[in-house]
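Data first, discussion second: the structure below is written as structure tokens.
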Amino acid sequence: MKNSKYYPWIVVGLLWVVALLNYMDRQMLSTMQEAMKADIVELNKAEAFGALMAIFLWIYGFLSPVAGMVADRFSRKWLVVGSLFVWSFVTWMMGYADTFNQLYWLRAIMGVSEALYIPSALSLITDWHPGKSRSIAVGIHMTGLYVGQAVGGFGATVAEMFTWHSTFHWFGIIGVVYSLVLVALLHENPQHAVPAKKLAEAPTEKKPSVFAGLGVLFSTWAFWVILFYFAAPSLPGWAIKNWSPTLFSESLGLPMSQAGPISTITIAVSSFIGVIVGGLMSDRWVQRNVRGRVYTGAIGLGLMIPALLLLGFGHSLVAVVGSGLLFGIGYGMFDTNNMPILCQFVSTKYRGTAYGLMNMTGVFAGAAVTKVLGTWTDGGNLGLGFAMLSIFVLVAVALQLYFLRPTTDNME
């Protein structure tokens with residue numbers, strides 16, 4: 001099957017499901033606090049629940065570069081399979097937890113296993129899609145993350161129908177079973193795998209240092225620009241994830257029960273549209289102009305600037321929902337072109353490491369902005385905080401357009 005001309009798209013389909021499970025398993029805990037309070041009393045305190053969520057974020061961020069370096073040296077297939085199996089098994093075991101400490105350590109292990117996934121998966125997809133389908137392939141995969149985040153939001157609904165224990169059990173079992181399916185169906189691109197015969201002929205060949213990629217990346221000026229280009233939009237990206245329900249509630253005067261679904265559905269649907277539009281546009285534009293991917297990403301960031309200003313200062317339903325739609329489309333166009341732009345400047349040997357560093361930067365930016373916006377919310381200035389984030393995006397657009405001048409669409 002891996003020799004079929006359709007197999008590159010089968011890879012995207014297989015990993016789309018993993019992406020869904022990735023975000024679903026990490027997201028559903030945030031919706032199940034109420035259901036778990038009766039059995040684990042520590043969760044009645046917001047501070048304890050915050051610590052439970054934070055341990056995942058910090059471990060995930062710190063280990064992302066390590067995960068990238070591992071992805072550049074070992075089989076991405078087995079890293080994907082192993083990470084899915086472990087985080088799904090952890091989800092399964094969370095259904096048996098009866099103390100806060102057990103949940104805390106299981107959540108920490110989940111951070112380790114999920115960190116391994118994204119660098120390996122995106123590197124694998126770009127190997128199978130080296131040309132005109134790269135951006136749309138990455139974009140389709142990213143929609144799995146959006147759908148997973150939305151599905152994870154129904155964890156509380158399932159827990160109410162059954163129990164929170166059985167919810168964790170069944171969501172975890174699904175992932176464990178699917179990891180076994182991947183063992184049979186997921187394959188590396190043979191053009192990028194090291195042939196066994198070659199290894200046999202040169203058994204004493206010295207492998208490059210695990211940190212060799214860091215030296216190559218940090219000595220490349222374009223990578224520093226890409227790092228900022230990735231981190232700057234991550235500030236409003238994480239702000240939207242964590243604070244958009246509160247912002248919609250305050251701006252529109254709606255209860256959270258209404259503002260929450262309006263905000264999440266608005267962003268999810270528009271982001272889905274953005275990755276498809278941005279992927280198709282980028283793949284066609286790059287055939288005529290090697291900077292086509294850079295220009296497409298810049299258009300996406302450009303849409304986010306007025307969207308953030310409207311989100312910050314708008315108070316009508318049309319202004320707030322319209323700006324949410326605009327932001328989602330722009331963010332989707334940006335999101336689908338991150339890895340394809342990286343491929344124009346970074347060799348396939350170091351792409352996992354590079355994306356791991358980008359992922360770490362984005363996560364830490366998100367952690368920082370979440371805390372800052374919490375302070376601004378207490379002072380009644382959440383809208384102003386969203387509007388000011390447009391400055392970082394504007395700087396990212398300027399740096400991207402001025403400095404990112406690729407000479408090829410696929411750096412070997």
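With respect to the stated conditions, residue 321 fails to be at pLDDT 85 or above, open to solvent by less than 10 Å² (accessible area, probe 1.4 Å) and among the β-branched types (Val, Ile, Thr).
Listed by position, the helices (runs of 4 or more DSSP H) inside the stretch 335-412 whose residues that are of a type in the set (Gly, Ala, Ser) number at least 1 are 351-378, 382-403.
Close contacts from the stretch 216-235, counting a first residue that is touching a residue at least 24 places away in the same chain (Cβ under 8 Å) and a second that is surrounded by fewer than 23 Cβ atoms within 10 Å (Cβ to Cβ) and not in a helix (DSSP H, G or I), with Cβ to Cβ under 7 Å and a gap of 6+ residues or different chains, come to 220/345; 222/345; 222/404; 223/345; 225/404; 226/345.
Among the listed residues 69, 36, identify the single one that is at pLDDT 80 or above, more than 15 Å from the chain's Cα centre (by Cα) and more than 27 Å from residue 268 (Cβ to Cβ). Matching residue, one of 69, 36: 69. Scanning the stretch 289-317 for residues being open to solvent by 50 Å² or more (accessible area, probe 1.4 Å), among the hydroxyl-bearing types (Ser, Thr, Tyr) and not in a loop (DSSP other than H, G, I, E, B) gives a total of 1.
May I ask you to verify whether residue 227 is in contact with a helix residue (DSSP H, G or I) (Cβ under 7 Å, 6 or more places away or on another chain) and over 30 Å from residue 412 (Cα atoms)? Write out each step before concluding.
Numbers: in contact with a helix residue (DSSP H, G or I) (Cβ under 7 Å, 6 or more places away or on another chain): yes; over 30 Å from residue 412 (Cα atoms): no.
For residue 227, the condition - in contact with a helix residue (DSSP H, G or I) (Cβ under 7 Å, 6 or more places away or on another chain) and over 30 Å from residue 412 (Cα atoms) - is not met.
Can we say residue 158 is of a type in the set (A, V, I, L, M), crowded, with 17+ Cβ neighbours inside 10 Å and modelled with pLDDT of 70 or more? Write out each step before concluding.
Numbers: of a type in the set (A, V, I, L, M): yes; crowded, with 17+ Cβ neighbours inside 10 Å: yes; modelled with pLDDT of 70 or more: yes.
It is true that residue 158 is of a type in the set (A, V, I, L, M), crowded, with 17+ Cβ neighbours inside 10 Å and modelled with pLDDT of 70 or more.
Being on the phi < 0 side of the Ramachandran plot, in contact with a helix residue (DSSP H, G or I) (Cβ under 6 Å, 6 or more places away or on another chain), of a type in the set (Phe, Trp, Tyr) and open to solvent by less than 20 Å² (accessible area, probe 1.4 Å) is a condition met by at least one residue of the stretch 53-67. The residue pairs whose first member lies in the stretch 73-87 and is in contact (Cβ under 8 Å) with a residue 12 or more places away in the chain, whose second member is open to solvent by 30 Å² or more (accessible area, probe 1.4 Å), and whose beta carbons are closer than 6 Å, counting only pairs six or more residues apart or on different chains, are 77/188; 79/116; 81/183; 83/116.
The values are calculated or read from the model by the stated rules, or taken from the named source; none is laboratory data. It should be emphasised that the depicted structure is a prediction, and the values quoted were computed from it without experimental measurement. Reconstructed Cβ throughout: ideal geometry from the backbone, glycine too, with neighbour counts over all protein chains shown. Remember, those area values only see protein heavy atoms, side chains included, never the ligands or the DNA or RNA. Shrake-Rupley method; radii C 1.70, N 1.55, O 1.52, S 1.80 Å.
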